[in-house]
Structure formats: C-alpha cells, structure tokens
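Below: the structure, in structure tokens.
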Amino acid sequence: MDRCVVLVDAGYLLGAAASLLAGEPARPRITVDHTALIQGLRERAEADTGRELLRIYWFDGAPDRVPQPEHRRLRVMPRVTVRLGALTRSDGRWAQKGVDAAMHAELTELARNRACADIVLVTGDGDLLPGLMSAKEHGVAVHLWAVQAADGDYNQSEDLVAEADERRVLDRAWITRAVRVNEAVAVGTPHTATRPEIAAILAAPLPETAGAPAGRPAAARERSVAVKNGTPPAETACPPPDRDATAPAVKGVPTPKDLASLGRPAQPAATATLRWSSDRGWVDRGTPEEPPEISALPMLSQLTTAEQRWADREEDITAVSGDPFEVGQVFARRWAERLTAPAHLQQLSGEYPRIPHRIDGELLRYAARFGLLAHKDDQIDEQDRYAIRAGFWREVDGRTGAERAS
C-alpha cells in the first residue's frame, strides 16, 4: 500500500524536547500542544515520504496501563492510535516497560503485511534495530527522525542511524511550534527550591576512616550546624590548630601530586619532584616543560557550546569516515574555527611538530571514538597516531600558510 506510517516513542520525543528546551528530560517541565504536534508530524511525514499518511502510532507508558488525560485526547484524534506500556517506579525513577517491545511488534507486523511503503520512526532506542532491519527486508523504506540534543549528548543509537534509509532531525524551531517550557519552572530557575535538609546532608561530617582523625575540623562542623539551624556560618579567623596553615589539605590516600605539593621543610613545594612507578622501577618526572602561554591554550571542549557538541557528534556519525588523517583534520578545523583569539593559532603553529600535551590528549581521545584502538592494549596504533597528528598539522598549516617538510 502506498501510504506512510509514523511510529512515535513518546518517551523519547517529549523527553528529548524537554532536554532541549528546559535543560533536563523531565516531561512536567514542558507543556505540549498535542493537536499541533500531531499535525506537525503528519505534515512532515507526508512531505518527506511523498505519500499520504495511513496512521500515527503513539507509544507511551502509563501507570498500570491506565490512559492519562493526554492519552485520552490523543486517541480520539483522526489517524492516531495510542499503544500503552507500563510505567513503573524503581529506585525513585519512573521507567517505561514494554514500549519498545510493542513498537518492535507493530513495526514488523506492518512491514510483513505490506500495510505501508514507508515507515517513520521517532525514537532513539537501539532495541528497535532488529525490527528496523526486518522492515527493510520486506521492502519498506525506513525514515529515522531524531530530536536535536542541545546538551551535547547524542540521543540516538548509532546502529539505528547506520541502518535507516533516510534520516531527519527535528530542530528547536520545529519543536517549539508545539512544545513550550512550563512557565512554573522556566529555564534558568531551579527545578526545586534548595531545601535546608538537603543542604544539611551535603554538609554532614564525612565518615571516619582508619588512620584518619574522627569527624572534621571544627570550622566545618560549625558550618554544618549553622546550615541545619538556617543561620549563615561565621567566618573562621584562623585555620584549625591541628593543621599547618601553609599546607594544603590531603583527603584519603595522598597521590604523588599531593605529596609533592606538601613539600619538605628544607625544600619548597614548587620544586618538589614527583616519583612515578613503572615496570623499570621509580622514574623521576618534573613538571612539563611548556611555556605558560602554550600550556594555557584552550582545549576544544572549552571552546565548544552544548549545541556545537551535538552537531559535532552528528557530523562524526554521518560525514566523517574515520580515516586517521581525516580525523586529525576535523579536530583541528573545529578547534581553529572556534578560537576567539587568532593569536592562539599562530602560537600553536610555532610549536610544530609538538602538539601541546593537553590538546594532544584530547585529540587522541576524540580519535578513539572511531575504533582506532589496537585491541591488544587499548591504545591507538603508532602509525595511526602519526597520521592523526599529520592531519592535525595539515589543517593548521592550511590556515596559517605555513609550509612544512614532510
């Protein structure tokens, strides 16, 4: 039948919309105009597939599968069928049960019976991958729709993205046609007011550990009592008598860095030497020999907004092949384009062939997303590392006009 069908995972659609608009996936934080939302889904599906809509299936969870007011409104709308799974509470959180199984069954049944030529999936659940593949085998074109994720976290299974025939992203402008932030909990305000009992829990004494003094210093205990009583804590005029005023605090088992920062009476902390263990015994390592202006160069993560992180992830999945040289180029391009101070690019170029260690570590972590790890030791192969860094420098050189010898 030359029709299209839309299968909507309401938990995904509305949860992702709440994350996009309100900053967290709590559906009570948004108000939904279901009539406008259904009409928008229908128009977009018919425009994308070029076929008339047969039906929209709305999959959602409800306590004891009892329809809620929104479900009653939806199920009487033309061309809308509501399928409910269970909504259960576990460890203080609500979770849907049976929704993905119901979507899988409907997806495979529609394809097997050739009830439609195109199916639109609005979901991010990787559990639907077998159903998607089965539908394709029955000759149905599968369209996968995502909701823009402004928090930087990719909100769809990469396997679903790879298997879908067509893909569409419902952006903020489309979402806001039918969804708005609840005025009672607008963006920028806390979801719940700070409660004194929660503050008191956060300020409670740490549990006693073997070899450590009981409780906490007097000043900390006074602050905890003040919080419980609802009065502002008094400022401590001097450090606790049982601690050296010049020594930084060390909690738990001290690390080599902690020991170095404490120093020794005859040796200032700034000149302390860190000792690191290796398979060849103890190795002395001083501080990295990088000029302050180089060590202060911003990392890509510091230059990237939440929406850019989401767009980067989208590009990584759909456009970046994973070739080591290309991976280095993509990383350098993003870093250079987002710099606020052009002088930083020239400073970096002057460090050739050495990439500052903070940026280099971030580059290699980014490359690891593309499966460039040697399985024997979970590290990137040496030749791949050369190619990644070569791609990085090629992009930098193209922007600075530098010419390097191979």
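Where a number appears in this text, it was derived from the coordinates with a stated rule and is not lab data. Being a predicted model, the structure only gives us computed values, none of them experimental. Positions of Cβ are generated from backbone atoms using ideal geometry, with glycine treated the same way; all protein chains shown enter the neighbour counts.
Averaging over every viewing direction, what projected area does the convex hull of the Cα atoms of the range 135-180 cover, in nm²?
On the way: hull surface 16.1 nm².
Quarter of the Cα hull surface area: 4.0 nm².
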Please give, to one decimal in nm, the separation of the simple spin-label points placed at GLU290 and TRP94, each 7 Å out from Cα toward the Cβ. 4.6 nm
By the mean-Cβ-within-10 Å protection proxy, highest first, 131-143, 327-339 rank as 327-339, 131-143
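Using a 10 Å cut-off on Cβ atoms, rank the peptides 71-79, 20-28 from the highest mean neighbour count down.
Details: 71-79: 13.9, 20-28: 17.6.
So the order, starting with the most tightly packed, is 20-28, 71-79.
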Net charge contributed by nearby residues that have their C-beta within less than 14 Å of ASP64 (K/R +1, D/E -1): +2
Neighbours of ASP33 by Cβ distance under 10 Å: Lys/Arg at +1, Asp/Glu at -1, summed charge +2
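Give, as a single signed number, the net charge of other residues whose beta carbon lies under 12 Å from the beta carbon of ASP9, with Lys and Arg counted +1 and Asp and Glu -1. The partial results should precede the final answer.
On the way: positive: ARG83; negative: ASP60, ASP100, GLU106, ASP125, ASP127.
Cβ neighbours under 12 Å give a net charge of -4.
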Largest first and in whole Å, what are the equivalent-ellipsoid semi-axes of the range 21-155 based on the Cα gyration tensor, each being the root of 5 times an eigenvalue? 24, 18, 17
Mean-position separation - Cα centroids, the range 285-334 and the range 1-73, in angstrom: 36 Å
